[in-house]
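Just below is one structure, and these are the notes that go with it.
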């Protein structure tokens, strides 16, 4: 059973301290991998794995890493985990791996991951660091999935490559919104999410 403090490590990044909508980090991924829902989900799971595992490893090593080389050590740990994820995707979901292209490799430079390693893993136990990694990864992934859902639905008329807008709509003149598959629309959707989030939680509005 998780205590209140431990539960907050999982829940806060999903809402009140979301990496994308509150901290405004990881925006590039929201632009690049959210045209379709499937690659967005795979990218989200990949980041959750890398973030949680790297947090645990750095937390275990936190008392032995010299401060001078801590960034290098963090990069090596993250890079090793990203290589594992990349090879796994190429082996089992090659088509999705091709869609994600270089963006799996760019997880290495994701400022959300490096930020949590610096701000949390270096100062907390492996258990807490794991929860923090899962929470922040889930918060990041939730936004990617929401953005991808609406972009694929209105841009292609599909969800997970399954046609959901009936053919009868097209017969009476409906057309997919091609703007939704363009990168700028990801920013528009993220902006709408930020607006809704702040409308529901006034504490997030900056004075």
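The values are calculated or read from the model by the stated rules, or taken from the named source; none is laboratory data. As the structure is a computational prediction, the values presented were derived from the model and not from experiment. Note that each Cβ is placed from the backbone with ideal geometry, even for glycine, and that neighbours are counted across all protein chains shown.
A few comments on the model shown:
- Qualifying positions in segment 185-205 - touching a helix residue (DSSP H, G or I) at 6+ places or on another chain (Cβ under 8 Å) and either closer than 19 Å to residue 31 by Cα or exposed (fewer than 11 other Cβ atoms within 10 Å of the Cβ) (or both): 185, 186, 187, 189, 190, 193, 205
- Failed criterion for residue 24 (all others in (1) surrounded by fewer than 17 Cβ atoms within 10 Å (Cβ to Cβ); (2) part of a loop (DSSP other than H, G, I, E, B); (3) touching a residue at least 60 places away in the same chain (Cβ under 8 Å) hold): (3)
- Residue match in segment 106-113 (condition: in contact with a helix residue (DSSP H, G or I) (Cβ under 6 Å, 6 or more places away or on another chain), modelled with pLDDT under 95 and closer than 20 Å to residue 38 by Cα): yes
So that you can scan it fast, the table gives a plain yes or no per residue for (1) more than 24 Å from residue 146 (Cβ to Cβ); (2) surrounded by fewer than 16 Cβ atoms within 10 Å (Cβ to Cβ); (3) free of Cβ contacts under 8 Å to residues at least 60 places away in the same chain:
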position: 16; (1), (2), (3): no, yes, no
position: 36; (1), (2), (3): no, no, no
position: 70; (1), (2), (3): yes, no, yes
position: 87; (1), (2), (3): yes, yes, yes
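- Within segment 48-70, if we keep just the residues that are more than 22 Å from residue 140 (Cα to Cα) and part of a helix (DSSP H, G or I), the residue that is modelled with the lowest pLDDT turns out to be 67.
- Number of the condition not met by residue 54 [criteria: (1) in contact (Cβ under 8 Å) with a residue 40 or more places away in the chain; (2) surrounded by fewer than 19 Cβ atoms within 10 Å (Cβ to Cβ); (3) more than 13 Å from the chain's Cα centre (by Cα)]: (2)
- Among residues of segment 113-168, those that are more than 30 Å from residue 68 (Cβ to Cβ), in a helix (DSSP H, G or I) and either within 21 Å of the chain's Cα centre (by Cα) or in contact (Cβ under 8 Å) with a residue 12 or more places away in the chain (or both), counted: 18
- Of the candidates 130, 103, the single residue that is out of contact with any strand residue (DSSP E or B) (no Cβ under 7 Å at 6 or more places or on another chain) and modelled with pLDDT of 95 or more is 130.
- Evaluation of residue 80 against (1) farther than 24 Å from residue 190 by Cβ; (2) in contact with a helix residue (DSSP H, G or I) (Cβ under 8 Å, 6 or more places away or on another chain) (one fails), failing number: (2)
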